[in-house]
Amino acid sequence: MGDDPASRVYVNNKKKACEFVGFKSEEFALPADTTQDELLKLVDELNNRKDINGILCQLPLPKGLDENAVIEAISPIKDVDAFHKQNVGRIMIGDYDFLPCTPAGIMEMLHDYKINVDGKNCVVIGRSNIVGKPMAMLLLHENATVTICHSHTKNLKEIASGADVLVAAVGKAKFVTEDMVKENAVVIDVGMNRDEKGKLCGDVDFENVKDKCSFITPVPGGVGPMTIATLMKNTLKAAKLQNGID
Ligand code: NAP
């Protein structure tokens, strides 16, 4: 909704991924002055369409619209972002159909690189509903000892530098500096920011941190593509669930 330039990029990337895997996607680019009722009516129509298996509402919404109401209006079985409170609750108890795309993409990446978090000290910087909190939960499900840091955390540098796995989801360019990273740590950079030259960059000072850690995800090209891949995976699962396919 509206004309947020970052949202435009994200939506285009998601559409391209759908094309790549062979899904049909439909975009409803609504003007910023669309009312809450109009938006909810559209969600209701999509909930009722048999040929639509997954629905996502690209956030943030323009001011004055209630994001939570829109998320709650999406049928939980079509909620491929896994933001609906029914899906969030199911993640807490470890009995879920969908996982939120960014944390699930990160876990998949850790599995693929055979990085086992069992018993490891994992620190997540950020506690948003879409990244930080579910990230911490997924690490906990795999037996990590998890610390969540946020803007009120007092001794952030000390906590971060004790991490075997450090996940930065802050939204501040080059926030994680070399002195916040333990030797040989695994560093996952979720951030998508613009530096002083307008270039895309993460939350981690990549150039100065990369030689200190054992693994590090670049921005762009790290967590972002995994997020989109998970969205495709969730959509396939939604289609299977809705059609009784195992
Ligand atoms: P968000 O909702 O703005 O949350 C940011 C978190 O960082 C908050 O919990 C905030 O703490 C914490 N924080 C801010 N300043 C801090 C400080 N000085 N010290 C410690 N913690 C601090 O952001 P988000 O939606 O989680 O996204 C985070 C970043 O990831 C953004 O750059 C976003 O663009 C990016 N992102 C990337 C992907 C991807 O696919 N790659 C997906 C989603 C998001 P409080 O809670 O105390 O305010």
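The values are calculated or read from the model by the stated rules, or taken from the named source; none is laboratory data. These figures come from a predicted structure and were not determined experimentally. No Cβ is skipped: glycine too gets one built from the backbone with ideal geometry, and neighbour counts run over all protein chains shown. Just the protein is used for accessible areas: all its heavy atoms, side chains included, with ligands, DNA and RNA removed. Shrake-Rupley method; radii C 1.70, N 1.55, O 1.52, S 1.80 Å.
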First obtain the Kirkwood hydrodynamic radius of segment 78-172 from its Cα pairs, then insert it into the Stokes-Einstein equation at 10 °C and 1.306 mPa s, and state the resulting D in µm² per second as a whole number. 117
Would you mind checking the tilt of helix 223-242 against the longest principal axis of the Cα atoms of the chain, expressed as 0 to 90 degrees and rounded to 10? 40
Please go through segment 133-180 and write out the trypsin sites (Lys or Arg not before Pro) that DSSP classes as loop and that have at most 11 other C-beta atoms within 10 Å. 154
Taking a ≥ b ≥ c as the square roots of the Cα gyration tensor eigenvalues, with a/c under 1.5 meaning rounded and otherwise prolate when a/b beats b/c or oblate if not, segment 23-122 comes out prolate
Within segment 27-106, list the GluC sites (Glu not before Pro) lying in a DSSP loop whose Cβ has at most 15 other Cβ atoms in a 10 Å radius. 27
Going through 120/199; 85/212; 78/197; 63/85; 63/240 one by one, the pairs whose alpha carbons sit over 32 Å apart turn out to be 120/199; 85/212; 78/197; 63/240
Can you tally the net charge around residue 46? Count Lys and Arg as +1, Asp and Glu as -1, for every other residue whose Cβ sits under 14 Å from the Cβ of residue 46. -3
Length gain on complete extension for the stretch residue 140 to residue 50, per 0.36 nm per residue less the alpha carbon to alpha carbon distance? 28.8 nm
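Suppose a student asked you for the relative contact order of segment 1-151, using Cα pairs under 8 Å spaced at least 6 residues apart; what percent would you report?
16
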Could you work out the relative contact order of segment 1-77? I mean the mean sequence separation of Cα pairs under 8 Å and 6+ apart, divided by the number of residues, in percent. 37
So the angle from the long Cα axis of helix 5-21 to the longest Cα principal axis of the chain, reported in degrees to the nearest 10, equals 80
May I ask you to list the chymotrypsin sites (Phe, Trp or Tyr not before Pro) in segment 77-174 that are in a DSSP loop and have at most 13 other Cβ atoms within 10 Å of their Cβ? 113
Nearest 500 deg cm²/dmol is fine: what mean residue ellipticity at 222 nm does the chain get from its DSSP H runs of n ≥ 4 alone, each adding -39,500 (n - 2.57), divided by its residue count? -11500 deg cm²/dmol
Please find, in a Gaussian network model of the chain (springs between Cα atoms separated by less than 10 Å), the residue of 159, 216, 93 whose mean-square fluctuation is greatest. 93
Rg to Rh ratio, segment 101-224, alpha-carbon atoms and Kirkwood radius? 0.92
Please list 180, 137 in order of solvent-accessible area, largest first, computed with a 1.4 Å probe with all protein chains present. 137, 180
The chain - Rg (one decimal) and Dmax (whole number), Cα, Å: 18.5, 53
From the P(r) of segment 1-77, can you give the percent of Cα pairs sitting at distances over 21 Å? 28
Mind pulling the angle between the C-alpha long axis of helix 132-141 and the longest principal axis of the chain? Nearest 10 degrees, somewhere in 0 to 90. 70
